[in-house]
Every structure is written in C-alpha cells, then in structure tokens.
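Read through the structure below, which is laid out as structure tokens, and then see the notes.
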Protein chains: 2
Amino acid sequence: MRMAELSAESGVPVATVKFYLREGLLPAGERTSPNQARYSAAHVQRLRLIKALTEVGGLPLASVGVVLGAIDGAETPHRTMGVVQQELAGTPPKVSEEAAEWASGLLADLMRRHGWKEHPPAHRTIANLVAALATAKELGQEKLTDRLAEYADLAMRVAELDVEVVAGLTSLDKIIETGLVATVLGDRIFAGLRHLAQEQVSREVLRG
Amino acid sequence: MRMAELSAESGVPVATVKFYLREGLLPAGERTSPNQARYSAAHVQRLRLIKALTEVGGLPLASVGVVLGAIDGAETPHRTMGVVQQELAGTPPKVSEEAAEWASGLLADLMRRHGWKEHPPAHRTIANLVAALATAKELGQEKLTDRLAEYADLAMRVAELDVEVVAGLTSLDKIIETGLVATVLGDRIFAGLRHLAQEQVSREVLRG
C-alpha cells in the first residue's frame, strides 16, 4: 500500500507517519520510484503499536524508541519485557529519606515472604513502588500499606492471568508484542475495571 | 508553625507553597502580623496530599483544584470519589468508530453479567476503558480481551479490599482522603506489584 492508505489504515496522519520514518521508529517502505514507497501490513501494525504506547500508555517518544529497539533486538521475551517495564515506570517522585527507608523495608519483607526475586533499589519498578508506599506513609495512610500482602496476592493472580494470555502464543514477535500490550493496555484496563468495581462496592458501603 | 517550617515539614519548597496559596489550593494561614501567618498540621497534610496527587498521581494542577474542591465541599464520600475518578481518568485516546462500537458492546455485556450499574458513554472511566479495549482489538490482541471477565473478577476483589480499607474509618474527612489516596496511590502500587509479579511468573514461563 502507499502512504495515504497506510495513514488511513492505521489512523495516523501522514505528517506523523513521515516523522516516525525520519526518527527511525517505523522502518522505511520498499521504494518503488524516487518519490514513492510501498508499505505492508507490518507497517500498519507497527503504527498501531506506537499509537497505543503514546496515546494509551502515555509513553514519551524517546521511551517508545527504546521499547521498539528492544522488540527488534535479539533479546529474549523476558529481557524485552524488563526493558518495557523500566520505560513504563517513569521517574519516581521525591519522598523523605525516613519514609523511603520504611517503605523499602516493607517491600523487601513482602517480596521475601512471597518468594519474589530481589532487585537492586535502582530498579525503576521498585523505586516507584517504594515512592508510592512512602507517600502513603507520609499521608498517614497506614490502613492502605497494612493490607499490602493482600494486594500482592491479588497482583500475583492478575500476573498469572497476564502470563497465561501471553504464553498461549507461539510466535516470538507476537509474544513480545502481546506482553507489551498486556502491560501498557493491561494496566489501563485493570485500573478502569477497578474504578468501576470501586463505585459499585462503595455505592452500598459509603452511600451517605 | 511559620512558612519555613511548613515547607520543611511537607517537603514542598516555599515558592511552591506561596503559589498554592495564591491559587487557592491551600487555605490561608492565621495572620499574626502584616507579613506573617501561622500554619497548622492541617496545612502540612494538605500539602502532602497535593504532592501525592501531582507527583505520584500525575494530575495537572487544574484537576487537583477540582478534586480538593470536591473534598472541601458538602458532597457525600461516594459523590466525591466519583469526581476524583473522573479527574484521574483524563482524556481518552482516539480510536476507530468500528473498534469503539465493538468495545462498548463487550464492556456493556460484562457489566450486565457482573450486575454493575450502567453508566452513560460519556463517563470518563467508561470512555477510557472502551478506548483501551478498542486499541487492543485494533492491535489484534483478542487474547487479552477474551479474558476480560476474569480480569473483572479480580478487579472486584481488589475493589472490595479498597473499600474495606476506607470503611474501617470513622471521620468523613479521613474517609474521603483515604479513598482519594487509595485510588491515586492504589493504582500505582497495584501496577507496581503486578509488574514485579509478572516478572516473577514470566521468569519461569518465558525464559528463552
């Protein structure tokens, strides 16, 4: 297909497609004349993926580049997912040293009890989680952190479902892409379901 | 306490505190002289809450204002949580009409089966969820949406835990603030736990 069709099919404006080509986020098409190139279904899929990462996942383009590089690279699915999660995690907010120390201890203890592999403190998922727990502590919201083990049990159930969704696939590309989508869209979808469920449950309990 | 102490205690720079005072996000202190005012523990708590909403929740200041207005207003906790969730939801990404229609049907069916109250399509949580599901469909990720009912069951379990955390409280202010924190930090904490759990589960299943 030509550029106009690629744009229509993917829902990405022509100017944006050209920008992605220049930035190397989208591989060049097959040149058919000095001014024209032909694009394939793989280009449409790649554009939809970039759209999902930026619009639904809220990833900056630099992170999208890193993630796509990992997908295109020779990494194993497990390592690629690691890269994806680091990029998704963003930069943790600042918290007081005291609260951070308390939160690190709480999380380390939880991970040990659950038999989860230890991570260096610089691991972005860990750093973000510690910052969020420390913030809850600073706000005097110990009710929330007291129940952390129960949240972790449910998170484990969700993760098992996530990995089941991915593990039914056979192509390596599809495994990585699905894992990526499951992470980016999966967080959004789960948060949305949780909010609807919260409304439902709180309607009965909190109705004032 | 004075401004300098308020800043030190909350971890918010003096210039930012003054900005919040001007914007009406933080109530004025008790004036003790033409150039000085006294602030209380309530001011520290309010500053920490603003910090959590902006830094951890990623809320723009305009949304923080709306959320704090709802907290300070005479709304019931249930209604206040509704406002909070609308602000947190942000603007849904654009998707094709066909995929959106499919996703709306899928979600409506799910909510009916779960006995969840219907919402207008303009409800932001619904609009975002529809956009995320439609994006998954556009990417050919039906594996993810096929399991939606199982994700919804787990989301219900998480929401029950969320509401339990809030329902143990007695003061109305605390209920609303905890509900707010449980939503903003709760999503971050749960996503972090899920990612760690995914790494753990995928280490065994996907190791290539």
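Results, tabulated for the structure shown:
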quantity	calculated
Most positive-pole-ward Cα, B:P92, B:V56, B:A103, against dipole of chain B from beta carbon charges	B:V56
For residues of A:20-30, the mean tally of beta carbons on other chains within 10 Å	0
Farthest toward positive dipole pole in chain B [+1 Lys/Arg, -1 Asp/Glu at C-beta], among B:L180, B:L6, B:Y20	B:L6
In sequence order, calculated HN-Hα J values of the stretch B:97-114 (Karplus, 6.51, -1.76, 1.60; Hz; x Gly/Pro)	4, 5, 5, 5, 5, 4, 5, 4, x, 4, 6, 4, 5, 4, 5, 5, 4, 7
Total formal charge among the other residues, if their Cβ is under 10 angstrom from that of B:K143, Lys/Arg +1 and Asp/Glu -1	-1
Long-range amide H partners of A:R38 with built H, under 5 Å	A:E30, A:R31, A:T32
Selected from B:H119, A:H114, B:L68, residue furthest toward positive end of dipole (the protein assembly as shown; charges at beta carbon)	B:L68
Axis proximity, chain A to B: residue whose C-beta lies nearest, plus whole-Å distance	A:L154, 3
Most fluctuating residue given options B:S104, B:S33, B:S96, as computed from a GNM of chain B linking Cα atoms under 10 Å	B:S33
Peptide B:137-149, shielding by other chains (average Cβ, 10 Å cutoff)	5
Value of [θ]222 nm, deg cm²/dmol, for chain A, DSSP H segments ≥ 4, -39500 (n - 2.57) each, nearest 500	-23000 deg cm²/dmol
For A:E160, inter-copy label distances in nm, listed shortest first [label point 7 Å out on the Cα-Cβ vector]	1.6
Candidates A:D187, A:D72, A:D146, ranked by Gaussian network fluctuation over chain A, Cα under 10 Å, top entry	A:D146
Highest-fluctuation residue, A:A197, A:A136, A:A155 considered, GNM on chain A with Cα pairs under 10 Å	A:A197
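Each reported figure results from applying straightforward, stated rules to the coordinates on display, with no laboratory input. What you see is a predicted model; the values in this text were computed from it and never measured. In this analysis, Cβ positions are derived from the backbone assuming ideal geometry, glycine residues included, and neighbour counts consider all displayed protein chains.
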